[in-house]
Amino acid sequence: MAATEFLGRGGHLLAVLAVVLLVALAGRRAARAARQPEVIGELTAGLLAGPA
């Protein structure tokens, strides 16, 4: 595996991880606004996001 391919995959992984974390944060804030436990928002956001 070439170094550029490895770095490309690593960058993609970091980008996907950042998106997943932002979706979880948005779900947490939405749940807090709805006066629900934050973990409920995180789980709901994960289910709505589908397989990342």
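Quick look at the values:
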item	result
Surface share of carbon and sulfur [accessible, 1.4 angstrom probe, percent] for region 3-49	72 percent
Calculated [θ] (222 nm, deg cm²/dmol) that DSSP helices of n ≥ 4 give over the chain, each run adding -39,500 (n - 2.57)	-29000 deg cm²/dmol
Helix 38-49 vs. the chain, principal-axis angle (Cα, 0 to 90°, nearest 10)	50 degrees
From the coordinates shown, volume of the Cα convex hull per residue in Å³ corresponds to which of [x] 88; [y] 66; [z] 57	[z]
Per residue value of the accessible surface for the chain (all protein chains in place, 1.4 Å probe), Å²	82 Å²
Tilt relative to the chain, helix 3-33 - C-alpha long axis, 0 to 90 degrees, to 10	0 degrees
Positive-end extreme of charge dipole, the chain - chosen from LEU17, LEU47, ALA33 (charges on Cβ)	ALA33
Those trypsin sites (Lys or Arg not before Pro) in the chain that DSSP places in a loop and that have at most 15 other beta carbons within 10 Å	ARG35
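The values are calculated or read from the model by the stated rules, or taken from the named source; none is laboratory data. If you're wondering where the values come from, they're calculated on a predicted model, not measured in any experiment. When we count neighbours, we look across all protein chains shown, and the Cβ atoms used for this are built from the backbone with ideal geometry, even at glycine. Keep in mind that these areas ignore ligands, DNA and RNA; they rest on the heavy atoms of the full protein, side chains included. Shrake-Rupley method; radii C 1.70, N 1.55, O 1.52, S 1.80 Å.
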